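**Q** One structure coming up, written as structure tokens, with questions to follow.
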Amino acid sequence: MIAPSASLLYGLCGAVLIGLGLYGFVAHRRLIRRVLAFNVIGSGIFLLFGASAYRDPAAGADPVPQAMIITGIVVALAATALALALIVAHARLAQSGALPEDETHEDGSEDAP
Amino acid sequence: MTDSALSPAIALALILTAPLFGALAAMVTGRRGAGIALATMTATGIGIVTLLVIIAGDGDFTLAIGGWEPPLGIQLRADGLAAGFITTTALVMGAILAVAGKPFGAGATERRGAYTFWPLALLLWGALNAIFLSGDLFNLYVGLELLTLVAVALVGIEGKRETLAAALRYMMFALMGSLLYLLGAALLYAAHGTLDIALLAARVGNAPGDIVAAAAITAGLAAKTALFPFHSWLPPAHSGAPAPASAMLSGLVPKASFYILLRFWFEAAPDIAGTGVLTLLGGLGALAMIYGSLLALHQNRLKLIIAYSTVAQLGYLFFVFPLAGGTSAAQPWAAGAWSGAVFHALSHAMAKASMFLCAGLIIEAIGHDRLPGMKGIVRAMPMTVFAFALAAITLMGLPPSGGFTAKYLMMTASFAAGQPFWALMLIVAGLLAAAYLYRPLALAFALPDADAPVPGAVSRARQAAPLVLALAAILLGILSAGPFAFIRIGRPGAAVEGLE
Amino acid sequence: MTALLPVLILITSLIPAIATFFIAQENAGWRNGLNLGGALVKLGLIVFMLSEVAGGALYEARLEFVPGLYLLLRVDALSLLFVTLSAVLWLLTTIYAIAYFGPKPDLSRFFGFFSLCVFATTGIALSGTLVTFFIFYELLTLSTWPLVVHKQDEKSIAAGRSYLFYALPASGVLLIAIIWLESATGPIEFARAADLRLLDDTSLRIIFALFVTGLGVKAALVPLHGWLPSAMAAPAPVSALLHAVAVVKAGAFGFVRVIYDVFGISLVTELGVGLPLAILASVTIIFGSLRALQQNEIKKRLAYSTVSQVSYIILGMALAGPYAAIGGLAHLVHQGLMKITLFFCAGIFDERAGIKRIDQLNGVGARMPFTAVCFSLGALGMIGLPPLAGFVSKIYIGIGGIQSGAPWVIGVLAASTLLNAAYFLPLLYRIWFGEAQDDSRPGERPLGIIAPAVITGIAAIAVGLFAGWDLSPLAWATLIVERDYWP
């Protein structure tokens, strides 16, 4: 049995997060929860990047993935902000926190997002 | 020459940064967006002309940003393919901004659009240029994300309930696609320590990690290119946006994700592909063609017909994967399918943008885009109907248009590779395109009903913009020798030999 | 000069076409002048080219698209025949159309597409490769649709839809045949014999069938002829042009090129596809004539007559014998002249006297003598009484049939002649001996409307009477066949 190194642990953690996020995306109907799921997936991918920085312990830590993670966080921030703004605007007009095809209630009413 | 090292850098800098600065300026100055767009166009145009001259004269080149070479730094790559896409984008953006001057300009009645359209359009342009010039998978990711976010915003710019829902649906698909792409990039980096395309080409092999990464990247980009079965977000999004925005969304945005697919498969990872995945991609493209065309036949709104047509036409592009490298002793040229796909992407960009602009002008004239209202509109707007007809000719793949040249190249490659099925699909798709484009055209040529309201007037100058675009698509077919030789500058070896 | 002249001849139709679209409806003088001028210049250039080619000059022009795809214009004897025919008939139809329409609306649109149609036909005539032929063939479909739907009423739009429904799939089939063939042999030029033996026999037979389907729509081969009768909803100048010069002749011309220049008559005979094609053509000949008998509208009857008559050309090409080929090629010209005369006259009857149906023809001979005479000349020629043009072509095809071992062709020709008589002679009887319904004398003015019919009528007679003359279409056809096809 190989002794789990730190980067392998981070990588597995990232993979678990990605899996959880994917499940959340598929299972939830309300848009805000889907956006949260996306953020979880994103965090998982960033963890993968971080883990890959230490893929060769002899060479030391690789700084490039850190730059990529920071860029990724910024992009995720912008995307989340846009998504939330759209969800709020849509919810105001449609009185719903989900897309029309995902509506569950017959009378169109929905709990607060 | 003393500035021979300087001018490529200046050209690329202009092309990349002028739209971004223009977007910032447009956001700051508010109502003067149209004028700033014009200035941006001039600056970018100078950069593009310089780039074309350089590539035509000296061939393709790369530029390391800041002088830092990969794998630590980011490299930009300018070859014939990139320059071809950049030029077409500039032409299309020029026409769109010309037509958008009225609904979103200084005299516009609706204020939100006048403030937001220009920064968004210029940001979109900047993102596209960034994608076309990048030589690095992560840079492509950033450009792709910028493009996606701006495109989503453009879909929802009018703020109506349906368009907001369409924008959110687009966003869900697009975010999923981006995350898959990022996952693939992360896996590739973890395996090889670099994301530069040129360096990856030497290092990527058939390891399981590479295969998963390639699958993730392809799936993500396929979702963004609205490949069947990930296409359901496209028709509501493109038909809900205002017409100039739809022109950008249909004509340019899916081309960017397809461009990345081309770069990835033909330059970064040509050895991974097996017959299975190539046939799968081609098959999904064929399904997209049939499905999109059949749905387009049932629509009653002009913009929906055009949007479903985009779904169908984007399917053509995926035929490049099984067909690349199809040559035979009798044909005197190679790389037919690759060039054909590129020709198709370029001529479709121009023709589809032209069509959406025509639809926008028609909506301005009659107030809606339901087909029966279009009856007899050829008398009131002959230039627009003519532009629509020319664009339709390109989409149907009838000679002498760019669409025909693309179709001919791909059909010849198909027979040369011994896979005539794809050629048959191309013919069927062309006929279906004729079927669903015939309805609006026939209605336009019919006699107007006696009690129909008189269409409003649209200025001839604005009607000229889509006409110029449609003519450009036709000219791409007639004068195809030059562009054909040009886009082959710096083309990858896999384009000639095929992917298998 | 060798490359310039064919291009110039093409441009003399293209520039008037583009310019005419921008001329306002009221500037009739400019529009008419431009179109007539273009037609005259084209005719002059063609006459010049004829004299040069007779002296041995060679004309070729080439435009590269992508490698392997290029436009080649090449002048040989066959293309000269077709281009001269279309140039002469274009000039006459332009005069006729100007006089026919008078002050009707949308004329700039009409003449613009009219000139584009001639541009496409000239391109077909001058094409030197299969792909060039295909490109102009498609352009022909695109430029004739607006002419068919010109009146913009229900019937015209339906006719246009039917036309596209037949023509566009056919062009798809044609493209597949061309690309399939060229994927094995490389680009096929008409002047150079390509080695088709690189493909196996079954593929070649399928490709030939695809060619027949693709070209058969425009050439109105049964069962692909359905668009032609409904296209009669178009105005008379359009019917004249479509039926005599442009569309059906382009299809027939395509057959000539494919059978003789692409496949070669020996390969066609070896593959055994010549006989089925001849049978199909014969079926069309008889079927067209039978359907013509059933029609009550004059233009519909003439349409089915065209369906029948164009297949003579195909029959002549499909039979493996020089006389058959001569007969078919000569009939290209003969049928063009006779049919255009008939359509000119039918248009005059419709416009000036409101005569659309056969029973309205009673006694019109006294009321509109010139038109009636021209109509009669055309009809008699079509029936094929010696020594008129129709007879000359039929005799040659018949001899060719015997030469190639298919004597049943004589039976087909005889039956067709009888049927032609059956559906034309009653018309003539009504015209000359029928009891006139009214005594009005609808004018046969302006001159422009009747002069073209008179000219083509006289020409139709002349090509038959003077068929033995050195410059007759028959002699021309003989020259082509002797020089290029059966040396």
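The values are calculated or read from the model by the stated rules, or taken from the named source; none is laboratory data. Only a predicted model underlies this, so the values are computations on that prediction, with no experimental measurement involved. When we count neighbours, we look across all protein chains shown, and the Cβ atoms used for this are built from the backbone with ideal geometry, even at glycine.
**Q** Name the single residue, out of those in the stretch C:190-200 being of a type in the set (Gly, Ala, Ser) and surrounded by fewer than 21 Cβ atoms within 10 Å (Cβ to Cβ), that is farthest from B:ALA413 (Cα to Cα).
**A** The initial filter retains those residues of the stretch C:190-200 that are of a type in the set (Gly, Ala, Ser), namely C:191, C:193-194.
Now drop any that are not surrounded by fewer than 21 Cβ atoms within 10 Å (Cβ to Cβ), which leaves C:191, C:193.
Working: C:ALA191: 25, C:ALA193: 23 Å.
Checking each candidate, the answer is C:ALA191.
**Q** Could you identify the single residue in B:ALA434, B:ALA464, B:ALA442 that is in a helix (DSSP H, G or I), without any contact (Cβ under 8 Å) to a residue 24 or more places away in the chain and either in contact with a Cys (Cβ under 7 Å, 6 or more places away or on another chain) or not charged (D, E, K, R) (or both)?
**A** Only one candidate qualifies: B:ALA442.
**Q** Looking only at the stretch A:24-79, which residues are more than 7 Å from chain B (Cβ to nearest Cβ), part of a helix (DSSP H, G or I) and of a type in the set (Lys, Arg)?
**A** Within the stretch A:24-79, just A:ARG33 meets the criteria.
**Q** Moving on to the next point. Just to be sure, is B:ALA433 among the aliphatic types (A, V, I, L, M), more than 9 Å from chain C (Cβ to nearest Cβ) and more than 14 Å from B:VAL378 (Cβ to Cβ)? Quick ask: steps written out before the conclusion?
**A** Numbers: among the aliphatic types (A, V, I, L, M): yes; more than 9 Å from chain C (Cβ to nearest Cβ): yes; more than 14 Å from B:VAL378 (Cβ to Cβ): yes.
Against the criterion (among the aliphatic types (A, V, I, L, M), more than 9 Å from chain C (Cβ to nearest Cβ) and more than 14 Å from B:VAL378 (Cβ to Cβ)), B:ALA433 qualifies.
**Q** In contact with a Gly (Cβ under 6 Å, 6 or more places away or on another chain) and surrounded by 18 or more Cβ atoms within 10 Å (Cβ to Cβ), is that true of C:SER404?
**A** yes
**Q** Sticking with this structure for a sec: Here are some residues: C:PHE113, C:PHE65. Which one is surrounded by 18 or more Cβ atoms within 10 Å (Cβ to Cβ) and at pLDDT 90 or above? So that I can check it myself, show each step before the final result.
**A** Working: C:PHE65 fails: at pLDDT 90 or above.
It is C:PHE113.
**Q** What is the number of the single condition among (1) assigned to a helix (DSSP H, G or I); (2) surrounded by 15 or more Cβ atoms within 10 Å (Cβ to Cβ); (3) among the β-branched types (Val, Ile, Thr) that B:THR29 does not meet?
**A** (2)
**Q** Right, next: Need at least 1 residues that are surrounded by 24 or more Cβ atoms within 10 Å (Cβ to Cβ) and facing chain A (nearest Cβ under 9 Å) per element, so show me which helices (runs of 4 or more DSSP H) inside the stretch B:144-229 make the cut, counting only ones lying wholly within it.
**A** Fully inside the stretch B:144-229 and qualifying: B:161-192.
**Q** Test B:GLY373 against the criterion of being away from chain C (no Cβ under 13 Å) and either at pLDDT below 90 or in contact with a Lys or Arg (Cβ under 6 Å, 6 or more places away or on another chain) (or both), and give yes or no.
**A** So B:GLY373 passes the test.
**Q** In the stretch C:356-391, how many residues are among the aliphatic types (A, V, I, L, M), buried (at least 22 other Cβ atoms within 10 Å of the Cβ), modelled with pLDDT under 85 and part of a helix (DSSP H, G or I)?
**A** Total satisfying the criteria: 3.
**Q** Does B:ALA353 satisfy being buried (at least 24 other Cβ atoms within 10 Å of the Cβ), in contact (Cβ under 8 Å) with a residue 60 or more places away in the chain and assigned to a helix (DSSP H, G or I)?
**A** yes
**Q** Same structure, new question: Do we have C:GLY288 as in a helix (DSSP H, G or I), touching a His at 6+ places or on another chain (Cβ under 9 Å) and small (Gly, Ala, Ser) here?
**A** Against the criterion (in a helix (DSSP H, G or I), touching a His at 6+ places or on another chain (Cβ under 9 Å) and small (Gly, Ala, Ser)), C:GLY288 qualifies.
Results for (1) at the interface with chain B (Cβ under 7 Å from one of its Cβ atoms); (2) over 20 Å from C:PHE110 (Cβ atoms); (3) surrounded by fewer than 23 Cβ atoms within 10 Å (Cβ to Cβ); (4) modelled with pLDDT under 90, shown as yes or no for each residue.
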position: C:LEU130; (1), (2), (3), (4): no, yes, no, no
position: C:PHE133; (1), (2), (3), (4): no, yes, no, no
position: C:LEU140; (1), (2), (3), (4): no, no, no, no
position: C:THR144; (1), (2), (3), (4): no, no, no, no
position: C:LEU147; (1), (2), (3), (4): no, no, no, no
position: C:PRO169; (1), (2), (3), (4): yes, yes, yes, no
position: C:ILE178; (1), (2), (3), (4): no, yes, no, no
position: C:ILE188; (1), (2), (3), (4): no, yes, yes, yes
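**Q** Taking B:PRO242, is it surrounded by fewer than 24 Cβ atoms within 10 Å (Cβ to Cβ) and under 18 Å from the mean Cα position of the chain (by Cα)?
**A** Judged against the criteria, B:PRO242 is a match.
**Q** Which count do you get for residues in the stretch C:392-418 that are at pLDDT below 85 and of a type in the set (Ser, Thr, Tyr)?
**A** 1
**Q** State all residues of the stretch B:48-74 that are within 14 Å of chain A (Cβ to nearest Cβ) and of a type outside the set (D, E, K, R); if no residue qualifies, say none.
**A** Selection gives B:ILE65, B:GLY66, B:TRP68, B:PRO70, B:PRO71, B:LEU72, B:GLY73, B:ILE74.
**Q** Still on this structure, I have one more. Condition first: without any contact (Cβ under 8 Å) to a residue 12 or more places away in the chain, of a type in the set (A, V, I, L, M, F, W, C) and more than 7 Å from every other protein chain (Cβ to nearest Cβ). Now tell me which residues in the stretch A:80-99 satisfy that.
**A** Hits for the stretch A:80-99 are A:ALA81, A:ALA85, A:VAL88.
**Q** Contact list please: Cβ distance under 6 Å, first residue in the stretch B:56-68 and on the phi > 0 side of the Ramachandran plot, second residue β-branched (Val, Ile, Thr) and in a loop (DSSP other than H, G, I, E, B), pairs at least six apart or on different chains.
**A** Partner pairs satisfying both residue conditions: B:GLY59/B:ILE489.
**Q** Which one is nearest to C:PHE136 (Cα to Cα) among residues in the stretch B:387-425 that are surrounded by fewer than 24 Cβ atoms within 10 Å (Cβ to Cβ), aliphatic (A, V, I, L, M) and more than 8 Å from chain C (Cβ to nearest Cβ)?
**A** So, considering only residues that are surrounded by fewer than 24 Cβ atoms within 10 Å (Cβ to Cβ), aliphatic (A, V, I, L, M) and more than 8 Å from chain C (Cβ to nearest Cβ), the one nearest to C:PHE136 (Cα to Cα) is B:LEU390.
**Q** Something else about it: Mind checking which residues of the stretch C:49-64 are without any contact (Cβ under 8 Å) to a residue 24 or more places away in the chain and among the hydrophobic types (A, V, I, L, M, F, W, C)?
**A** Answer for the stretch C:49-64, where residues must be without any contact (Cβ under 8 Å) to a residue 24 or more places away in the chain and among the hydrophobic types (A, V, I, L, M, F, W, C): C:ALA54, C:LEU63.
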